[in-house]
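Remarks on the structure that follows.
The values are calculated or read from the model by the stated rules, or taken from the named source; none is laboratory data. Just so it is clear, the structure is predicted and the values come from calculations on it, not from any experiment. Using ideal geometry, Cβ is built from the backbone for each residue, glycine included, and neighbour counts are taken over all protein chains shown. Note: areas computed on protein heavy atoms with side chains; ligands, DNA, RNA excluded. Shrake-Rupley method; radii C 1.70, N 1.55, O 1.52, S 1.80 Å.
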Amino acid sequence: KFAFVLSSAIRYDGVNVFGYTVWSLLDGFEWHRGYSIRRGLFYVDFQSHDKKLMPKSSVLFYQKLIEKNGFPPLPENQPLEGIFPCGFAWGIVDNYIQVDTTPAQFLDSNVYVWDIHQTKKLIKVDGVFTSKRKRHCVDFAVIRLQISLLQEMHVTHFHFSLKWSLILPLGNLSLINHTLVHYYQCFASELLRVNITPVVALWQPMAENQELPVSLAKYGAWENPETVQAFVEYARFCFINLGDHIKFWITMNEPSVKNLTYTAGHNLLKAHAKAWHLYDKEFRRSQKGKISIALQADWVEPACPFSRNDQEVADRILEFDIGWLAEPIFGNGDYPQVMRAWLHRRNSVDLYNFHLPYFSEDEKKLIQGSFDFFALSHYTTTLVGWEKEDALKYDHYLEVQMINDITWLHSPDRAAVVPWGLRKLLKWVKSKYGDVPIYVMANGIDDDQNMVHDKLRVYYIQNYINEALKAHTLDNVNLQGYFVYSFNDKTAPKYGLYSYVANQYEPKPSMKHYREIIDNNGFPGPETPELLCPEEVASCLECHFFRTRKSLLAFVSFIFVAFIVTIFFITYYSKRVKRRYR
């Protein structure tokens, strides 16, 4: 990495460097540290009689570096000009939308008198009431503000999660928060009114109780098989009450494999599959929506691209981090073979018993293929190696060394900014699971909350979207949409495209930059051919009302036709009677 920094000093800073020498050729005696550290390009076996030499992966890297005389710019590393296809989903994420169900003043049936002389306040008149009216979506003032901000951004999709623990506090249908359900109905219908598609997750794990109803969290959460059926009942309730407005469903959003036991992950997969089949059999035909799971998927890069050992480590991490939940759904219906082989090996040498459950044949058939698209959240890239160098960053369970690359750009929270990692991830998904439609469901970076200009986030969005374009254009990845994380700093501090100060939302430069990319549908250049997309039909709430009430419309039509026929016959026979008496 020092060689890369050196080349940057020559190219960008004009430093007159005429040579570079590596320390050192062989492992040896390092002064006061003795033989405790190894700095050679060749490994020396000090225990052997003839001090056998073995080349390290750094030898291969340095050899390639000399052959290329540095780091020549590669075509794939240059920004790409081009645009995304028609109908590409441009979205923004807010894990949990701001919910304010405070009753509007118009719902209050009491009568008040304004005391302008003494208290200067409204005084309720006892015993006097006005007629009550139904709740309307306009009663939720906070919805209008959020919708207006989304319109300002020019996004076509908005992704948020429902709160299972608040909708069904007891985990079943014995207690339902109808006010919150009505709020979600209003929010989704208002999004449709302004041509923004709601993308809604049924469940997203959070720190407290994993965002599960208390009764489920208390008795084992996803460790308990009863949570599976509870989730299916909850999904059915949401499909029935929200499915007329929501056509883009996520069963589980970013289940954290770091916090999942193998038993919990096993039950979670079965819950997802059952919810998918429920929608597919009972709701898809009438609601015409799509549904899948969204997985967190950060890329893992081998420290030395020429080292087979480093590559094996990177592949192993990808299977444990992504393949664990992806392979049963998008692959062969079972867990990755790499996981089973590794855990079998660990169980044979360790005192611990890492048991990865087995699916029955019926469960495999249930889970395999339970998707309409591949949704993933991607934030950063991790560098890994097989040699243990830093005990604090070494994972003994998977035998992997986490490495911090000082040449990479980092956020204030030390998240690495590695745009090409997204492209590699998308190619990896395609190579493993075929030409499946892919949505980047969340992609974002933290930035200094006190800075007015979030330059890091502007750079991040620009380059990550450009790498997504490369994956679509050059690698033929079936990429259908891209969502930025996150909507605002109020719900996701340091990640928002809108700042939130003194109860006011203000757009950051990153929001304006993202809006420009959306308006251009990518990065068009002088030679980019013009893309003529058919005009989308504006959504019609009145039309939607009648589409979802076809039986009512048929009944009203029948009554209307019967009325016309009756009037016709009355008029006809009345005229005949008059003629007879003339």
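Looking only at segment 143-154, count every residue that is surrounded by 15 or more Cβ atoms within 10 Å (Cβ to Cβ), within 18 Å of S499 (Cβ to Cβ) and either in contact with a strand residue (DSSP E or B) (Cβ under 6 Å, 6 or more places away or on another chain) or hydrophobic (A, V, I, L, M, F, W, C) (or both) and tell me the total.
Summing the residues that are surrounded by 15 or more Cβ atoms within 10 Å (Cβ to Cβ), within 18 Å of S499 (Cβ to Cβ) and either in contact with a strand residue (DSSP E or B) (Cβ under 6 Å, 6 or more places away or on another chain) or hydrophobic (A, V, I, L, M, F, W, C) (or both) in segment 143-154 gives 3.
Filter segment 387-415 down to residues that are part of a strand (DSSP E or B) and open to solvent by 10 Å² or more (accessible area, probe 1.4 Å), then give me how many there are.
Counting residues in segment 387-415 that are part of a strand (DSSP E or B) and open to solvent by 10 Å² or more (accessible area, probe 1.4 Å) gives 6.
What number of residues in segment 12-63 are closer than 23 Å to S307 by Cα, open to solvent by 100 Å² or more (accessible area, probe 1.4 Å) and under 44 Å from the mean Cα position of the chain (by Cα)?
1
Could you please give the count of residues in segment 406-460 that are of a type in the set (F, W, Y) and within 27 Å of S161 (Cβ to Cβ)?
Count: 4.
What strands (runs of 3 or more DSSP E), lying completely within segment 113-214, carry at least 1 residues that are of a type in the set (D, E)? Steps first, please.
Values: elements: 122-129, 157-161, 197-203.
The strands (runs of 3 or more DSSP E) meeting that bar are 122-129.
In the set E327, E312, which member is in a helix (DSSP H, G or I), more than 21 Å from L162 (Cβ to Cβ), open to solvent by less than 40 Å² (accessible area, probe 1.4 Å) and at pLDDT 95 or above? If you could, list the steps in order and put the result at the bottom.
Working: E312 fails: open to solvent by less than 40 Å² (accessible area, probe 1.4 Å).
Selected residue: E327, the only one of E327, E312 that is in a helix (DSSP H, G or I), more than 21 Å from L162 (Cβ to Cβ), open to solvent by less than 40 Å² (accessible area, probe 1.4 Å) and at pLDDT 95 or above.
So which residues in segment 497-521 are assigned to a loop (DSSP other than H, G, I, E, B) and surrounded by 15 or more Cβ atoms within 10 Å (Cβ to Cβ)?
L497, K508, N521
So, L343, is that one open to solvent by less than 50 Å² (accessible area, probe 1.4 Å) and at pLDDT below 95 or not?
Criteria met by L343.
What strands (runs of 3 or more DSSP E) lie completely within segment 1-95 and have 1 or more residues being under 30 Å from F187 (Cβ atoms)? Steps first, answer last, please.
Working: elements: 42-44, 53-55, 89-94.
So the answer is 89-94.
Within segment 17-44, can you find the residues that are touching a Leu at 6+ places or on another chain (Cβ under 8 Å) and either assigned by the TED database to the domain that holds E387 or not hydrophobic (A, V, I, L, M, F, W, C) (or both)?
Those that are touching a Leu at 6+ places or on another chain (Cβ under 8 Å) and either assigned by the TED database to the domain that holds E387 or not hydrophobic (A, V, I, L, M, F, W, C) (or both): Y20, S24, G40, Y43.
If you check K270, K258, K290, K274, which single one turns out to be free of Cβ contacts under 8 Å to residues at least 12 places away in the same chain and within 26 Å of W164 (Cβ to Cβ)?
Details: K270 fails: free of Cβ contacts under 8 Å to residues at least 12 places away in the same chain; K290 fails: free of Cβ contacts under 8 Å to residues at least 12 places away in the same chain; K274 fails: free of Cβ contacts under 8 Å to residues at least 12 places away in the same chain.
The match here is K258.
With the structure loaded, tell me whether V429 is over 23 Å from the mean Cα position of the chain (by Cα), within 18 Å of F320 (Cα to Cα), modelled with pLDDT of 95 or more and surrounded by 19 or more Cβ atoms within 10 Å (Cβ to Cβ) or whether it fails that test.
It is false that V429 is over 23 Å from the mean Cα position of the chain (by Cα), within 18 Å of F320 (Cα to Cα), modelled with pLDDT of 95 or more and surrounded by 19 or more Cβ atoms within 10 Å (Cβ to Cβ).
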